[in-house]
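Student: Here you go, one structure.
Bear in mind that the values in this text are calculations on the coordinates, not laboratory data. Please read these numbers as outputs of a predicted model, since none were measured by experiment. Methodologically, a virtual Cβ is constructed for each residue, glycine included, from the backbone with ideal geometry; neighbour enumeration extends over all protein chains shown.
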Amino acid sequence: MRIPFIAGNWKMFKSRMETVDFAREFKQLYKDTDVRTAICAPYVHLDTLKEIFDGTQIKVGAQNVHFEDMGAFTGEVSALMLEEIGVDYCIVGHSERRQYFAETDETVNKKLHKLFETSIVPIMCVGEVLEQREAGIETEVVKKQLRRGLSGIEEEQIKKLVIAYEPVWAIGTGLTASPLQAEEMCGIIRNTIDELYSPQAGDGVIIQYGGSVKPANASEIMNMPQIDGCLVGGASLKPVDFMEIIDF
Ligand code: 13P
């Protein structure tokens, strides 16, 4: 049985005060459910969120990590530093990092290897851009991201991995992939894990959909058999909306 997993990705939003306000309100609204829940926040807010969510089931994630343990890498944060403050998850390879910060399948791969040396669970993002979907090569693109990103990763590690399918054309645009389009690609991702590892690995891996998920469409998306969760951007910034999605 795959446990549903709904994570928020705050991106570069919220001041410290807004973070505290969100966390207090969300903690009040939150009821223990069978759905795993995490908020992936800017680095500077992770400690605050860990502290406020202490004693609850609400987990905390980072949005990026560097692939070395330490060194002269100005501006970077290591997996060990995140682990030390109790961070539970880390997004890797988000399309915004691929687009604006030179993230490649190779750096995604290095970051995954590094995170697997810690207790932090990686959320690996894959997805095609609009031109690739229009050209009908979306399957090829996503499979290549998986193959390259997972190079050298062992089957034992795959059990700990979360994969998020985020079609880039559906992020922050209000356009959602139709539940069937999302379901189809999540099925292809699962089959790819079958091929690269084993049917058991494919069967166990948690696959999220991300791209304009909101309270109004969450239940339809979550009811798709190949979709185990959502990675929620904009709608995770409001406690009530995010809770409604978790309650799908
Ligand atoms: P939106 O939900 O705002 O479309 O963002 C999706 C996303 O990029 C989550 O990582």
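Student: Give, rounded to the nearest 20 debye, the magnitude of the charge dipole that segment 139-219 has about its Cα centre when Lys and Arg contribute +1 at Cβ and Asp and Glu contribute -1 at Cβ. Walk me through the numbers on the way to the answer.
Tutor: Values: 8 positive and 10 negative charges, 54 e Å.
Charge dipole, segment 139-219, about its Cα centre: 260 debye, nearest 20.
Student: Multiply the residue gap between THR173 and SER219 by 0.36 nm, knock off their C-alpha separation, and tell me the result in nm, one decimal place. Mind showing how you got there, number by number?
Tutor: On the way: separation 46, 0.36 × 46 = 16.56 nm, distance 1.97 nm.
14.6 nm is the gain from fully extending THR173 to SER219.
Student: In percent, how large is the relative contact order of segment 70-210, given Cα pairs closer than 8 Å and 6 or more residues apart?
Tutor: Rounded, it is 23 percent for segment 70-210.
Student: Next up: Take the Cα coordinates of the chain, assign each an equal point scatterer, and use the Debye formula without solvent to give log10 I(q)/I(0) at q = 0.08, 0.10, 0.17 Å⁻¹.
Tutor: Each listed q maps to, in turn, -0.27, -0.43, -1.36.
Student: At most 16 other Cβ atoms within 10 Å and a DSSP loop assignment: could you name the trypsin sites (Lys or Arg not before Pro) in segment 144-180 that fit?
Tutor: On the way: sites: LYS144, ARG147, ARG148, LYS159, LYS160; in loops: LYS159, LYS160.
Those that pass, being in a loop and sparsely packed, are LYS159, LYS160.
Student: Rounded to the nearest 20 Debye, what is the dipole magnitude of the chain about its Cα centre when Lys and Arg each give +1 and Asp and Glu each give -1 at the C-beta? Kindly include the intermediate steps, with their values, before the conclusion.
Tutor: Working: 25 positive and 38 negative charges, 61 e Å.
Dipole about the Cα centre, nearest 20: 300 debye.
Student: Let me ask something else about it. Within a 10 angstrom radius of the beta carbon, how do MET12, MET222 rank from fewest other beta carbons to most? Could you put the intermediate results ahead of the total?
Tutor: Values: MET12 8, MET222 20.
Ordered by Cβ neighbours within 10 Å, fewest first: MET12, MET222.
Student: Moving on to the next point. Tell me what the chain gives for mean residue ellipticity at 222 nm when only DSSP H runs of n ≥ 4 count, each as -39,500 (n - 2.57), the sum divided by the residue total, rounded to 500 deg cm²/dmol.
Tutor: Numbers: 12 runs with 109 residues, N = 248.
Helix contribution divided over all residues of the chain: -12500 deg cm²/dmol.
Student: Defining a contact as two alpha carbons under 8 Å apart and six or more residues distant in sequence, what relative contact order in percent does the chain show? All intermediate terms of the calculation are to be shown ahead of the outcome.
Tutor: On the way: 464 pairs, mean separation 52.4, N = 248.
It comes to 21 percent, rounded to a whole number.
Student: Reachable lysines from LYS111, Cα under 18 Å, same-chain residues fewer than 8 places away excluded?
Tutor: Correct list for LYS111: LYS144, LYS159, LYS160.
Student: Please label the shape of segment 20-59 as rounded, prolate or oblate, based on the square roots a ≥ b ≥ c of the eigenvalues of the alpha-carbon gyration tensor (a/c under 1.5 means rounded; beyond that, a/b larger than b/c means prolate, else oblate). Write down the numbers at each step before the final one.
Tutor: On the way: a/c = 1.99, a/b = 1.50, b/c = 1.33.
Prolate shape, in that a/c is at least 1.5 and a/b is the bigger ratio.
Student: Tell me which of GLY71, SER119, VAL129 sits at the most positive position along the dipole axis of segment 31-129, charges placed on C-beta atoms (Lys, Arg +1; Asp, Glu -1).
Tutor: VAL129
Student: Still on this model: So if each residue of separation counts as 0.36 nm, and I subtract the Cα-Cα distance between ALA72 and ASP21, what length gain in nm does that give?
Tutor: Details: separation 51, 0.36 × 51 = 18.36 nm, distance 3.55 nm.
Roughly 14.8 nm would be gained on extension.
Student: How large is the dipole of segment 101-248 about the Cα centre if only Lys and Arg carry +1 and Asp and Glu carry -1, each at its Cβ, rounded to the nearest 20 debye?
Tutor: Charge dipole, segment 101-248, about its Cα centre: 360 debye, nearest 20.
Student: Continuing with the same structure: From the residues ILE193, SER212, LEU180, which one has its Cα farthest along the dipole of segment 153-230 in the positive direction, the dipole being from +1 and -1 charges on Cβ of Lys/Arg and Asp/Glu about the Cα centre?
Tutor: It is SER212.
Student: Turning to a different aspect of this structure: Express in nm, to one decimal, how much length is gained between GLU134 and ASP194 on full extension, taking 0.36 nm for each residue of separation and deducting their alpha carbon distance. Before the final figure, lay out the partial values.
Tutor: Details: separation 60, 0.36 × 60 = 21.60 nm, distance 2.68 nm.
Fully extending the segment from GLU134 to ASP194 adds 18.9 nm.
Student: Could you pull out the pairs from LYS11/LYS50; LYS27/LYS110; LYS114/LYS214 whose alpha carbons sit more than 29 Å apart here?
Tutor: Numbers: LYS11/LYS50 17 Å; LYS27/LYS110 34 Å; LYS114/LYS214 32 Å.
From the list (LYS11/LYS50; LYS27/LYS110; LYS114/LYS214), the Cα-Cα distance tops 29 Å for LYS27/LYS110; LYS114/LYS214.
Student: Please identify the trypsin sites (Lys or Arg not before Pro) of segment 13-71 that satisfy two criteria: DSSP loop assignment and at most 11 other Cβ atoms within 10 Å. Which are they?
Tutor: Working: sites: LYS14, ARG16, ARG24, LYS27, LYS31, ARG36, LYS50, LYS59; in loops: LYS14, LYS31.
Listed in order of number, the matching sites are LYS31.
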